[in-house]
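Chemist: One structure, pasted below without further comment.
The values are calculated or read from the model by the stated rules, or taken from the named source; none is laboratory data. Keep in mind that this is a model prediction, so the values were computed, not measured. Neighbour counts run over all protein chains shown; Cβ positions are idealised from the backbone, glycine included. Note: areas computed on protein heavy atoms with side chains; ligands, DNA, RNA excluded. Shrake-Rupley method; radii C 1.70, N 1.55, O 1.52, S 1.80 Å.
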Amino acid sequence: MQQTRDVAREIEILTAAANKALQEGKGSQAITYWGQILLLNPNHIPTLAALGKYSLANNDNNSACKAFERVCQIDGRDPQQWISLAIAYRKLNNIDGESAAIQQALVADPMDMLALIMKADLHTRLGETHQAALTYGSVVKVAPPIERVHPSLRPSIEFAMQYKANYDQEHGKFLDDFLATAYQEVHGEQLDRFRDSVDIMVGRKKRYDSQSLLYHYPSLAPVEFFDHERFPWLAEIENGTEQILTEFMHVLGEEEGFTPYLEYSPGVPMGQLAELNNSPDWSAYHLYKDGVVQEANAAKCPNTMRLLSLAPQPIQLGKTPSALFSLLKPKTHIRPHTGASNVRLLTHIPLIIQEHCGFRVGNQTKPWIPGQALVFDDTIEHEAWNNSDQLRVVMIFDIWHPDLSEAERHMITAMSKAELAFKERHSL
C-alpha cells in the first residue's frame, strides 16, 4: 500500500514537472518526464493523452497514433479519445483507421457533435454524397442554436447546414424530374397532398403535425385506432386466426428463422429503444421484410400468406410490405416510440396473449384479444409491454392508409423507385 502511494506521489511530481517544462517551451524535457511516468505506470491515461496531444501538435503523427491507440485500448469510453485517434489517423492518410475510430466515438456517444462532423467530412472526402448529407443532417439536429455553438465549431455547423440545404435542393429537383412521367400517368387526379409530402421530405416546406420519422404525408388525420368498418377484408383474416396460430406454433417448434426485431449497427441513435437493439427479448419471424418475401419462412406458412394477400399492403421498394410474427418475452417493455411514415398503418393480429400485457397508442390503451385485430397509426407515439411470465405473440403487417387515393398510392410507389435511384447515384 505504501509503495502504491509512493508511486502515485512520484507520478504527481513528474506530471507537474512535465507541465512546467511545456510552459517553458522545453518539449524534450516534458517527453523525458512522461517517459519516466510510463515506466512507473505504462497504462497512465493522462500521460499517454498528453504525449499524444504534444506529438500531434508537433506533426509526429506516428507517435501520436501509438499514444492514442494505447489510450483507446486501455479505456475507450470517452468519445474524445477516439476522436483524437481519428485525427492522428487522418494525418497519416489512414482512411480505414480514421473511419473505424470515428465509428467507435459514435458507439461511445451516438450524439457526439464533433464525431458526427468528422464522419460527415470523411464521407465528403470519399465522394459519398448521400451518406454525407444524412450525417450532416444529424449534425444540424444535435447542434444547439448557432449563437450557442463554440466559435471554433461555428464554421463546421454552418457548412453542415449549407451542405444539407444544397443536397435537399438537388434531391427535390431530381425527384421532380423523375416523377414527371408518373404525374402524367395520373393527370387530373388530386395530388396536392402528395406534392406537399415531397416538398416536406426535401426541405422545401416545414412539417408541423406529424411524428413520422422518415416520410410525412400531409393532411392525413392522426387516428390512433381505426374502426374495423374501414377494412372490409379484415374479417376474413380474423376468422383465419387459428390457421395462422397453427402455422406459427409449427415454426416456433423448429426454432429457426427468428431474429431480433431491431438490428441496428452500433453507433446509430436509437433513443428509448436502444436497450432492445439486437435483443432476443423482442424477436421476429419475417414473412415480408423490407418489401421482399422471405421465401424460406413464407413457405412454412402458406395459409398465413394467403390471408395476407387479402390486405392492401403498401408497395415501397426497399421498405414495404412488411409482415412478421412479433415475439415479446416476459417482463419486457417496448418503450414509447414512433414509426417511419404515416402513409401506411400497422395491423396487429393477436395470437398468444397473457394477462398483464398491454398496448398504448397516443391516449388510448387497449388489451390484445386473440383473433381481434387492431389497426393503428404507428407515427403516433406508442408502446407495448408484457408484464406476464409467459411469451406474447402478435402477427404484424402493414397496409396502405385508407385515406390515400389510388393515384396517391401510385405516386408514393413511384417515389420509392425515385428514392432508390437517387441513393444509387450518390453511393459508391
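Chemist: When region 381-428 is examined, which residues are found to be surrounded by 22 or more Cβ atoms within 10 Å (Cβ to Cβ), acidic (Asp, Glu) and within 17 Å of ALA340 (Cβ to Cβ)?
Modeler: Of everything in region 381-428, just one residue is surrounded by 22 or more Cβ atoms within 10 Å (Cβ to Cβ), acidic (Asp, Glu) and within 17 Å of ALA340 (Cβ to Cβ), namely ASP398.
Chemist: Out of (1) outside any loop (DSSP other than H, G, I, E, B); (2) under 21 Å from ARG425 (Cβ atoms), what's the single condition that is false for ARG195?
Modeler: Of (1) outside any loop (DSSP other than H, G, I, E, B); (2) under 21 Å from ARG425 (Cβ atoms), only one is false for ARG195: (2).
Chemist: Being open to solvent by 60 Å² or more (accessible area, probe 1.4 Å) and either of a type in the set (Val, Ile, Thr) or modelled with pLDDT of 75 or more (or both) is the filter here; which residues of region 269-280 pass it?
Modeler: Residue satisfying the conditions is PRO280 alone.
Chemist: Tell me, which residue of region 206-253 that is among the acidic types (Asp, Glu) and open to solvent by 50 Å² or more (accessible area, probe 1.4 Å) is farthest from GLU419 (Cα to Cα)?
Modeler: Among them, the one singled out is GLU242.
Chemist: Collect the residues in region 1-44 that are within 20 Å of TRP82 (Cβ to Cβ) and surrounded by 15 or more Cβ atoms within 10 Å (Cβ to Cβ), keeping them in residue-number order.
Modeler: At the first step, the residues of region 1-44 found to be within 20 Å of TRP82 (Cβ to Cβ) are 43-44.
Hit for region 1-44 is HIS44, nothing else.
Chemist: On to the next question. Can you find, within region 295-311, the residue that is nearest to VAL107 (Cα to Cα) among those that are of a type outside the set (A, V, I, L, M, F, W, C) and surrounded by 17 or more Cβ atoms within 10 Å (Cβ to Cβ)?
Modeler: To start, the set of residues in region 295-311 that are of a type outside the set (A, V, I, L, M, F, W, C) comprises 295, 297, 300, 302-304, 306, 309.
Narrowing the set further to residues that are surrounded by 17 or more Cβ atoms within 10 Å (Cβ to Cβ) leaves 297, 300, 304.
Working: ASN297: 33, LYS300: 38, THR304: 39 Å.
Step by step, filter region 295-311, then rank; the result is ASN297.
Chemist: Further question on the same structure: Is it the case that region 137-151 has a residue that's open to solvent by 60 Å² or more (accessible area, probe 1.4 Å), basic (Lys, Arg) and within 20 Å of the chain's Cα centre (by Cα)?
Modeler: Checked against the condition, which is being open to solvent by 60 Å² or more (accessible area, probe 1.4 Å), basic (Lys, Arg) and within 20 Å of the chain's Cα centre (by Cα), region 137-151 yields at least one hit.
Chemist: Follow-up. If GLN131 passes every condition in (1) under 30 Å from ALA421 (Cβ atoms); (2) surrounded by fewer than 18 Cβ atoms within 10 Å (Cβ to Cβ); (3) under 19 Å from the mean Cα position of the chain (by Cα); (4) touching a residue at least 40 places away in the same chain (Cβ under 8 Å) but one, which one does it miss?
Modeler: Tallying (1) under 30 Å from ALA421 (Cβ atoms); (2) surrounded by fewer than 18 Cβ atoms within 10 Å (Cβ to Cβ); (3) under 19 Å from the mean Cα position of the chain (by Cα); (4) touching a residue at least 40 places away in the same chain (Cβ under 8 Å), GLN131 fails exactly one: (2).
Chemist: Ok, one more. Can you name the number of the only condition in (1) under 21 Å from the mean Cα position of the chain (by Cα); (2) not in a strand (DSSP E or B) that ALA384 fails?
Modeler: For ALA384, the exception is condition (2).
Chemist: Let me ask you something else. Go through region 57-69 and count every residue that is surrounded by fewer than 23 Cβ atoms within 10 Å (Cβ to Cβ) and either more than 28 Å from GLY25 (Cβ to Cβ) or more than 30 Å from the chain's Cα centre (by Cα) (or both).
Modeler: At the first step, the residues of region 57-69 found to be surrounded by fewer than 23 Cβ atoms within 10 Å (Cβ to Cβ) are 57-63, 66, 69.
Imposing the further condition that a residue be either more than 28 Å from GLY25 (Cβ to Cβ) or more than 30 Å from the chain's Cα centre (by Cα) (or both) reduces the set to 57-63, 66.
Final tally of qualifying residues: 8.
Chemist: What pairs come out if I take residues in region 294-308 that are more than 15 Å from GLN243 (Cβ to Cβ) and pair them with residues that are part of a helix (DSSP H, G or I) and not charged (D, E, K, R) whose C-beta lies under 8 Å away, six or more apart or interchain?
Modeler: Within 8 Å, the pairs are ASN297/VAL251.
Chemist: Now a separate question. Within region 260-280, is even one residue more than 30 Å from ILE102 (Cβ to Cβ), out of contact with any helix residue (DSSP H, G or I) (no Cβ under 6 Å at 6 or more places or on another chain) and polar (S, T, N, Q)?
Modeler: Among the residues of region 260-280, not one is more than 30 Å from ILE102 (Cβ to Cβ), out of contact with any helix residue (DSSP H, G or I) (no Cβ under 6 Å at 6 or more places or on another chain) and polar (S, T, N, Q), which makes the answer no.
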